[in-house]
Structure formats: C-alpha cells, structure tokens
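The values are calculated or read from the model by the stated rules, or taken from the named source; none is laboratory data. Because the structure is a prediction, the values reported are computed rather than measured. Cβ atoms come from the backbone with ideal geometry, glycine included; neighbour counts cover every protein chain shown. Only protein heavy atoms, including side chains, enter the accessible area calculation; ligands, DNA and RNA are left aside. Shrake-Rupley method; radii C 1.70, N 1.55, O 1.52, S 1.80 Å.
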Amino acid sequence: MKKLDFQRLMDDSRFMKVLSVGVAILFWFVVAFTISPTITTTVSDVPITISGSNETLSSVGLDVVDGQNRTVRVKVEGRREVVGSLKPSDIVVYPVLTSVTEAGKYTCSLRAVKADSAADFTILSVSPEQVELTFDRVKTLKTELSVAVSGYTAEEGYILGSSAANPKEITVKGPESAVDQVAKAEVRLDGKDTKLAKTAKVEAEVRLYAADGSEIELGSTLSVDTPKVQVTIPVLKKATLPLKVAFTNLPSGLDGSALQYDLSETAIQVAGPAETVDRMTAITLGYVNVLDFDYKNGYTFQVQDQLPTGFVNLDDFDSVAVSFGSRYDGGSFTVSNINVINVPENYDISVVTRRLYGVKFVGLHGDIDALEGTDIVAEVDGSSIELKNGQYNVPVQLSTTSGAMVWPTGSYEVVVKVSAK
C-alpha cells in the first residue's frame with residue numbers, strides 16, 4: 001500500500017476548498033451552540049385568536065364579524081434549537097377587548113402568549129401591534145328557499161313539474177344589521193334551451209336578496225349553512241285515465257262491480273312520474289260505504305285528494321260528483337226470521353227478541369219493490385257471544401234469500417239469553 005502523502009494533499013486546491021468549508025461549518029457549530037446559543041427570530045403567519053366564550057363579548061352580546069381572519073408576525077428569543085423549530089401554532093395572539101362595549105369598529109391592541117407556558121423561549125413583540133375589528137350582534141335566520149328555473153322545456157308528451165331544492169330551508173348567519181336586510185333566499189337555474197325527457201337534478205348556489213330585489217353578497221360576515229343545494233326539476237309524463245269509485249263493507253254475495261253509478265267526469269288528464277303513470281289503468285276517486293248508502297244525494301270527491309303523490313291535475317275541474325239516478329231505492333221491513341249459528345258446546349243460546357222492526361234495505365229499484373220481510377234472515381253468531389249466564393244485546397248479520405240486488409244499511413241488535421247446559 002502507498003503511504004498517504006499529506007504534502008501532496010496540501011498542494012491540491014480542490015482538497016483545500018473542501019477542507020475550508022468543513023472547518024467553517026465546524027466553527028459555526030462551536031459558536032452557535034457554545035459561544036452564542038441564544039438568538040432572536042420572527043415567527044410569521046400567526047393567526048389572531050378570538051375565543052367564542054370570551055367573557056367581554058358575552059357580557060354585551062357581541063361577536064367579531066370582520067377583521068379576525070388575519071395573521072401577524074411575532075418576534076421571539078431563545079435557544080437556537082428551540083426557536084429555530086417554532087411554528088405559528090406554538091404562539092397564541094389575541095386582541096384586548098376591554099374597550100368593546102357596543103357594536104362598531106374598534107382598534108384593539110394585540111397580545112401574544114406561548115401556547116405551552118413551559119416552552120423555553122421569550123416573546124419580544126407582535127407586528128402589527130394593533131388590529132381593527134368590527135363587532136356586532138350575531139343573528140341567525142331560518143328561511144324557506146325558493147327556486148327560479150328558466151331555459152328548460154319538456155319533450156313532447158311530458159311537462160315540467162314544480163322544481164324544489166334540497167334542503168328546502170337554509171339558515172343565514174351574520175351581523176344583526178346585515179341579516180335584517182335579507183328578504184328572500186333563492187336559487188336560480190338557467191337551462192339555456194335544454195329539453196328534458198326525464199327528471200333532472202342540478203346543483204346551484206344560494207343567493208340572498210333584499211326587499212328591493214338587490215342581491216346581498218355573501219362573504220366573511222354573512223354566511224349560509226348550505227351555500228350550494230341540489231335542485232330537482234321533475235319531468236312528468238302526461239296521460240288520460242278513466243275515473244271510478246269503489247265500494248266498501250259489501251255484504252257476502254254482493255258484487256261491487258255490479259253497482260252502477262254516474263260520474264260528472266268520466267276521465268281526467270294528469271301528469272306524473274313516468275314509472276307510476278305507466279302502471280296505472282284508472283284513478284279511484286274514493287270509497288262509498290254501502291252500509292251508509294246515500295243513493296238519493298250521491299257523493300262528491302275532490303280530485304287532488306285522490307291523485308298519487310307527485311301527480312298534477314291538467315284538467316279544469318277540481319271535483320267529481322257521483323250520482324245513482326233512479327236506479328236504486330230503499331225500504332223498511334219487519335224481520336221475524338232470527339237464527340243463532342255457531343252455538344258453543346255445553347251452552348244454550350235462545351233469541352228473546354221476536355221481531356226486528358224498521359230494518360232498512362236498499363238496492364235496485366225493482367228488487368226493493370219485490371222484497372218482503374219474509375225474504376230477510378237475521379243471524380246471531382254464537383261464537384262471538386260472552387259465555388256467561390244472562391241476557392245480552394248482540395249484533396246480527398242480515399241477508400236475503402231472494403237473490404235480489406239488495407243489501408241492508410245501518411246496524412241492528414237483538415237480545416239473546418245464554419245458559420249453561
């Protein structure tokens with residue numbers, strides 16, 4: 001191995017340059033950490049902090065509405081290894097608010113403290129030393145969100161429904177003086193001649209307007225909880241559907257489809273969600289209870305009450321009258337044919353009531369004319385009676401043996417006697 005030639009290295013200019021830099025760095029470390037370990041430096045971009053629970057503001061019901069979103073520079077002193085790694089979050093800068101007594105603008109002095117009181121550095125100054133802040137009473141306003149849509153049309157066979165925003169309400173927050181100027185919250189959409197064949201959903205920005213129609217700018221002082229909302233533009237399919245009524249409480253053997261009636265309108269033009277419209281064959285206006293059948297005066301049904309959710313009535317009538325003409329009639333009968341069915345074992349059930357008077361039946365005119373009291377049967381269901389000795393009022397079921405298109409209206413009871421065998 002060759003011996004290291006120091007003289008030759010000392011004569012090498014490149015080696016001497018590297019050696020000089022290394023010696024300089026070494027001396028810098030010696031000076032920095034032994035001879036002069038304390039330095040002064042500046043921490044930039046330190047935010048101004050205003051506590052939401054500040055006692056001074058709480059006592060007068062105020063809050064900062066402008067000027068708080070600023071940063072400052074803080075001069076600090078300490079050991080190089082400490083202050084050299086300080087971040088803005090290591091320092092808390094806050095305004096002195098003792099002079100704030102009412103709404104308005106104030107020039108407040110700034111104070112700085114260490115976020116960790118045990119940290120080994122000293123705060124020397126804050127720059128700037130003061131900040132201008134605006135104070136006001138903060139108010140919130142919950143208001144309905146209106147929707148204005150233009151530039152959209154529907155394809156042939158469809159119409160546009162009423163557009164709606166989600167959410168339907170927003171909350172405006174800001175200085176009381178600014179919030180009091182808000183008269184309307186609205187989203188506006190311009191489709192620029194867009195044709196739609198199905199429901200569309202569009203995101204839109206919320207805008208605030210004063211009573212005179214001028215727009216109120218949203219910013220650092222005035223805000224809304226939902227700056228952007230989703231607007232649904234419904235596209236409804238048109239259809240013409242027949243109208244009908246249905247009957248409830250039909251006695252056994254009575255076919256409701258055989259009951260005839262007249263409607264003031266037999267069909268209606270509507271628009272609704274396409275998937276629902278395509279499944280519909282008719283619209284039921286309502287239900288007629290045959291146990292309380294008003295064949296003389298008929299019934300009136302409100303159309304909109306019976307339309308499915310999301311449907312629109314495209315016709316110019318709001319109600320439909322149901323009449324029965326002279327097809328039906330009624331009569332009052334005396335029933336003496338009263339029987340007990342489903343009698344429990346070990347019990348006797350006898351009917352005390354001999355006749356039922358004023359039993360009302362309705363039905364087709366000719367069938368009512370031909371109906372006799374002897375054609376009517378009243379039955380007591382023994383399985384529904386309380387099994388205790390004694391007499392009780394119990395309901396009866398009425399039917400006919402004639403096979404006519406007639407049925408009872410109202411409810412009736414008889415007295416029975418129950419006794420154990």
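Name the pairs: first residue in segment 309-328 and in contact (Cβ under 8 Å) with a residue 60 or more places away in the chain, second residue part of a loop (DSSP other than H, G, I, E, B) and of a type in the set (S, T, N, Q), Cβ to Cβ under 6 Å, at least 6 apart or on different chains?
These pairs meet every condition: Val320/Ser264; Arg327/Gln260.
From Ser177, Ser89, grab the single residue that is touching a Lys or Arg at 6+ places or on another chain (Cβ under 9 Å) and outside any loop (DSSP other than H, G, I, E, B).
Ser177
Just checking, which of Val352, Val290 is touching a Pro at 6+ places or on another chain (Cβ under 9 Å) and under 29 Å from Val414 (Cβ atoms)?
Within the list Val352, Val290, the selection yields Val290.
Only residues that are in contact with a helix residue (DSSP H, G or I) (Cβ under 7 Å, 6 or more places away or on another chain) and in contact (Cβ under 8 Å) with a residue 40 or more places away in the chain: list them for segment 103-128, please.
Correct list: Asp120, Phe121.
Does Thr221 satisfy the criteria of being touching a Ser or Thr at 6+ places or on another chain (Cβ under 9 Å) and farther than 30 Å from Ala267 by Cβ?
Yes.
Hey, among Gly363, Gly382, which residue is under 18 Å from Val290 (Cα atoms), of a type in the set (Gly, Ala, Ser) and in contact (Cβ under 8 Å) with a residue 24 or more places away in the chain?
Gly363
Residue by residue through segment 271-308, note down the ones that are touching a strand residue (DSSP E or B) at 6+ places or on another chain (Cβ under 9 Å), part of a loop (DSSP other than H, G, I, E, B), without any contact (Cβ under 8 Å) to a residue 40 or more places away in the chain and open to solvent by 60 Å² or more (accessible area, probe 1.4 Å).
Lys296, Asn297
Looking for whichever is touching a helix residue (DSSP H, G or I) at 6+ places or on another chain (Cβ under 8 Å) and surrounded by 18 or more Cβ atoms within 10 Å (Cβ to Cβ) here; the options are Val147, Val172, Val182, Val187. Which one fits?
Unique residue meeting the criteria: Val172.
For segment 216-270, how many residues meet the condition of being assigned to a loop (DSSP other than H, G, I, E, B), among the hydrophobic types (A, V, I, L, M, F, W, C) and surrounded by fewer than 15 Cβ atoms within 10 Å (Cβ to Cβ)?
Number satisfying all stated conditions: 0.
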